[in-house]
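Peer 1: One structure, as structure tokens, below. Some questions next.
Just so it is clear, none of the values below were taken in a lab; they were calculated from the coordinates. Source: prediction; values computed, not measured. No Cβ is skipped: glycine too gets one built from the backbone with ideal geometry, and neighbour counts run over all protein chains shown.
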Amino acid sequence: MTQPEGDVLHELAADHRELEAMFWEIELQPVDHPRRGELVDRLIAEVVRHTAAEEAHLHPAMREYLPHGQALADKELADHAKGERLLGRLEGLSVGDPDFNDTLARLKFAIAFHVREEEHDLFPKLAAALPPEERAELGRRVRLARLRPAVRRAARSSGE
């Protein structure tokens, strides 16, 4: 789907590509290398920021403009809650923990599934329903949200 620069759907899809690239970078690191923990910290911060932007800006638009928008937004929130549980679990693990890589893989799968659903089902519906000026304004708000720090977690030390 082609979206104008600055459009909320373009901005969120760009975030999705960034998350995919971050997972790729993590996977390139040796399994229990401290750099993996640092990269996961960055990934978690980006997921938290992206999720907050969707919940603050995209979900209200879904509720207002889409048929059954409340149910769609509720499903999105349930997906986010599943991701939050995985993020919380991952935060408590060091890179050497036997559960670290399994939890990271489960998070990657959950995010990839969520992204596919959004980009192949939800985004086309929003592209058809949202007026262009609303998509542009929401895109501006999402860009501003990127400037705010993610507040969910403290940095992980490599010695955890």
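Peer 1: About the Cα centre of the chain, what is the dipole size in debye to 20, counting +1 per Lys and Arg Cβ and -1 per Asp and Glu Cβ, all else neutral?
Peer 2: It comes to approximately 300 debye.
Peer 1: Taking the Cβ-Cβ separation of R143 and R42 as r and a Förster radius of 25 Å, what is the calculated FRET efficiency to the nearest 0.05? It would help to have the intermediate numbers written out before the result.
Peer 2: On the way: r = 19 Å, r/R0 = 0.76.
Efficiency, rounded to the nearest 0.05: 0.85.
Peer 1: Among G96, L130, I111, whose Cα lies farthest out toward the positive end of the dipole of the chain, if unit charges sit on the beta carbon of Lys, Arg (+1) and Asp, Glu (-1)?
Peer 2: G96
Peer 1: Only one of the values [x] 0.95; [y] 1.00; [z] 0.92 was calculated from this structure for Rg/Rh (Cα atoms, Kirkwood Rh); name its label.
Peer 2: Entry [y].
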